[in-house]
Amino acid sequence: MSKGRASPTIGFLKGAQNHSPMPEDESGEVEPVDEVEVEVEPEDPMALLEAKVAELLSDLQYARAETMNARHRGQRDRAEAIRFGAAGLASKIIPAIDGLEKALSNGNGDNEAITEGVRMTLDSLKNALETEGVTRVETVGAAFDPTQMEAIATIPAPDGQAAGTVIEEIESGFMLHDRVLRPAKVVVASN
């Protein structure tokens, strides 16, 4: 409750026309009037409390919304980490698969046991990657897709091939769910 100070009041009396506006003492000098304290109407305390409650409720709603957003963001990040957590390991295993495939394609079949062992190892690695969601990008005969493939060269389209079709795959591409782990390096037919 704040109290304000009012300015000195001039004491006019109603109907007293012969009186001077300021009180005078016997000598005719004007006496100063003491300051009068006037109480200023305080604001309604209920209105103040209601405004404060409304402000606190607004802050509470904002904090709840921020908490929910953080919780949803955390759940999304956790789900993404689980879904794409194998990307690092898969990226390291893919070159080993390439090496094993080259060993099989270049093997002259001298030692059947070694060739079979390499084939079994290759199949085991491929199966392990497939269970984690890693798939090979299908390229040969497909339309060139720059989001999954990298064109190393272009050659004139052979008979029966449309321009923009992948003619040859130089290096296999791999996807983890809907993300490219490694783009396929391909040769594309041109006009």
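The values are calculated or read from the model by the stated rules, or taken from the named source; none is laboratory data. Since we're looking at a predicted model, the values are computed, not measured. Neighbour counts are summed over all protein chains in view; Cβ atoms, including those assigned to glycine, are modelled from backbone coordinates with ideal geometry.
Go through the stretch 169-188 and give me each residue that's part of a loop (DSSP other than H, G, I, E, B) and either β-branched (Val, Ile, Thr) or without any contact (Cβ under 8 Å) to a residue 60 or more places away in the chain (or both). Even if it seems obvious, please write down each step before you answer.
Let us first name the residues in the stretch 169-188 that are part of a loop (DSSP other than H, G, I, E, B), namely 172-173, 177-178, 183.
Residues satisfying the conditions are GLY173, ASP178, PRO183.
Can you tell me which residue is surrounded by the most Cβ atoms within 10 Å (Cβ to Cβ) among those in the stretch 108-144 that are closer than 21 Å to ALA96 by Cβ and among the small types (Gly, Ala, Ser)?
GLY133
With (1) in contact with a strand residue (DSSP E or B) (Cβ under 8 Å, 6 or more places away or on another chain); (2) more than 26 Å from LYS92 (Cβ to Cβ); (3) surrounded by fewer than 13 Cβ atoms within 10 Å (Cβ to Cβ) as the list, and THR147 as the residue in question, which single condition is left unmet?
With respect to (1) in contact with a strand residue (DSSP E or B) (Cβ under 8 Å, 6 or more places away or on another chain); (2) more than 26 Å from LYS92 (Cβ to Cβ); (3) surrounded by fewer than 13 Cβ atoms within 10 Å (Cβ to Cβ), THR147 is out only on (2).
Can you spot a residue in the stretch 94-114 that is within 28 Å of the chain's Cα centre (by Cα) and closer than 14 Å to ALA184 by Cβ? Spell out the reasoning first.
Filtering the stretch 94-114 for residues within 28 Å of the chain's Cα centre (by Cα) gives none.
Within the stretch 94-114 (the criterion being within 28 Å of the chain's Cα centre (by Cα) and closer than 14 Å to ALA184 by Cβ), the answer is no, since none of the residues qualifies.
Quick one: which residue in SER105, SER20 is part of a helix (DSSP H, G or I), modelled with pLDDT under 85 and among the polar types (S, T, N, Q)?
SER105
So, of the residues in the stretch 150-168 that are assigned to a strand (DSSP E or B) and among the small types (Gly, Ala, Ser), which turns out to be surrounded by the fewest Cβ atoms within 10 Å (Cβ to Cβ)?
ALA153
Working only within the stretch 130-146, note down all residues that are touching a residue at least 24 places away in the same chain (Cβ under 8 Å) and either in contact with a helix residue (DSSP H, G or I) (Cβ under 9 Å, 6 or more places away or on another chain) or more than 26 Å from ALA81 (Cα to Cα) (or both).
Step one: of the stretch 130-146, the residues touching a residue at least 24 places away in the same chain (Cβ under 8 Å) are 132-137, 139-142, 144.
Those that are touching a residue at least 24 places away in the same chain (Cβ under 8 Å) and either in contact with a helix residue (DSSP H, G or I) (Cβ under 9 Å, 6 or more places away or on another chain) or more than 26 Å from ALA81 (Cα to Cα) (or both): GLU132, GLY133, VAL134, THR135, ARG136, THR139, VAL140, GLY141, ALA142, PHE144.
Within the stretch 79-93, is even one residue acidic (Asp, Glu), closer than 30 Å to LEU176 by Cβ, surrounded by 10 or more Cβ atoms within 10 Å (Cβ to Cβ) and at pLDDT 60 or above?
Yes, that holds for at least one residue.
Among the residues that make up the stretch 123-139, is at least one of them within 20 Å of SER91 (Cβ to Cβ), touching a His at 6+ places or on another chain (Cβ under 6 Å) and not in a helix (DSSP H, G or I)?
yes
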